[in-house]
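To start, the structure itself, in structure tokens.
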């Protein structure tokens, strides 16, 4: 097996197991990992237009997050309102119920992160993270994650999408 092939499969294996573990943590909350990501992004970066939200999601890159948002609106977790910057757009934000669920999502994610930390305790991760970022940043999902790390990129991306 080539080194780059093994890297690809290792990342896939970790992603699948991490998603399975997160789904199990979120199941009692009645929410999927993709829906949880929408709530996290809206809480951390909102209110956002649908387009701006899509530019920050890893779970739905290349696709419109409208189905996810529609389901969250129907559940009373997300509300649509008029964008304060440009009234032609709808702004998405969390409802009171969505903010309460967000806190429970963070608790569930923290349990997952503690479990993962126990697996990697003592490992030097800086070089690993740098390598993974170099690869991921070449793809839309990695670019979305980079925008979440750097608010300046988020703003620049939102302006480019609206033009």
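The values are calculated or read from the model by the stated rules, or taken from the named source; none is laboratory data. Nothing here was measured: the structure is a model prediction, and the numbers come from that model. All Cβ positions, glycine included, derive from the backbone under ideal geometry; neighbour counts span all protein chains shown.
When you check residue 76 against the structure, is it in a loop (DSSP other than H, G, I, E, B), at pLDDT 90 or above and either in contact with a strand residue (DSSP E or B) (Cβ under 7 Å, 6 or more places away or on another chain) or within 26 Å of residue 31 (Cβ to Cβ) (or both), yes or no? Steps first, answer last, please.
Details: in a loop (DSSP other than H, G, I, E, B): yes; at pLDDT 90 or above: yes; either in contact with a strand residue (DSSP E or B) (Cβ under 7 Å, 6 or more places away or on another chain) or within 26 Å of residue 31 (Cβ to Cβ) (or both): yes.
So residue 76 fits the description; yes.
From the set of residues in segment 28-39 that are within 13 Å of residue 107 (Cα to Cα) and surrounded by fewer than 16 Cβ atoms within 10 Å (Cβ to Cβ), which is nearest to the chain's Cα centre (by Cα)? Spell out the reasoning first.
Here is the first cut: in segment 28-39, the residues within 13 Å of residue 107 (Cα to Cα) are 28-29, 36.
Checking which are surrounded by fewer than 16 Cβ atoms within 10 Å (Cβ to Cβ) leaves us with 28-29.
Numbers: 28: 20, 29: 17 Å.
Checking each candidate, the answer is 29.
Residue by residue through segment 1-27, note down the ones that are over 19 Å from residue 103 (Cα atoms), within 14 Å of the chain's Cα centre (by Cα) and in contact (Cβ under 8 Å) with a residue 24 or more places away in the chain.
Matches in segment 1-27: 18 only.
Starting from residues that are within 24 Å of residue 16 (Cα to Cα) and touching a residue at least 24 places away in the same chain (Cβ under 8 Å), keep the ones in segment 44-60 and report whichever is surrounded by the most Cβ atoms within 10 Å (Cβ to Cβ).
Narrowing segment 44-60 to residues within 24 Å of residue 16 (Cα to Cα): 53-60.
Applying the additional criterion that residues be touching a residue at least 24 places away in the same chain (Cβ under 8 Å) yields 53, 55-60.
Details: 53: 25, 55: 24, 56: 28, 57: 23, 58: 17, 59: 18, 60: 20.
Taking the candidates together, the pick is 56.
Within segment 29-42, is there a residue that is touching a strand residue (DSSP E or B) at 6+ places or on another chain (Cβ under 6 Å) and under 22 Å from residue 147 (Cβ atoms)? Step through it out loud before you land on a result.
Here is the first cut: in segment 29-42, the ones touching a strand residue (DSSP E or B) at 6+ places or on another chain (Cβ under 6 Å) are 42.
Okay, now just the ones that are also under 22 Å from residue 147 (Cβ atoms), so 42.
Yes.
Spot the failing condition for residue 69; the list is (1) modelled with pLDDT under 90; (2) touching a strand residue (DSSP E or B) at 6+ places or on another chain (Cβ under 9 Å); (3) under 30 Å from residue 12 (Cβ atoms), and only one is missed.
The number of the failed condition is (1).
Identify all residues within segment 81-106 that are modelled with pLDDT of 95 or more and either farther than 16 Å from residue 45 by Cβ or assigned to a loop (DSSP other than H, G, I, E, B) (or both); write none if there are none.
95, 96, 97, 100, 101, 103, 104
Any residue in segment 66-85 that is touching a helix residue (DSSP H, G or I) at 6+ places or on another chain (Cβ under 8 Å), under 20 Å from residue 141 (Cβ atoms) and surrounded by fewer than 20 Cβ atoms within 10 Å (Cβ to Cβ)?
Within segment 66-85 (the criterion being touching a helix residue (DSSP H, G or I) at 6+ places or on another chain (Cβ under 8 Å), under 20 Å from residue 141 (Cβ atoms) and surrounded by fewer than 20 Cβ atoms within 10 Å (Cβ to Cβ)), the answer is yes, since at least one residue qualifies.
Among the residues of segment 21-42, is any outside any helix (DSSP H, G or I) and closer than 12 Å to residue 92 by Cα?
no
Failed condition for residue 109, given (1) within 14 Å of the chain's Cα centre (by Cα); (2) in a loop (DSSP other than H, G, I, E, B), with all others met?
(2)
Filter segment 85-114 for residues that are in contact with a strand residue (DSSP E or B) (Cβ under 9 Å, 6 or more places away or on another chain) and touching a residue at least 12 places away in the same chain (Cβ under 8 Å) and give the result.
89, 90, 91, 92, 93, 94, 95, 98, 101, 102
I need the full set of residues from segment 126-163 which are modelled with pLDDT under 85 and not in a helix (DSSP H, G or I), in order please.
150, 163
Checking the condition closer than 24 Å to residue 20 by Cβ and modelled with pLDDT under 90, which residue from 110, 63 passes? Lay out the reasoning, then the answer.
Details: 110 fails: modelled with pLDDT under 90.
None of the other options fit; the residue is 63.
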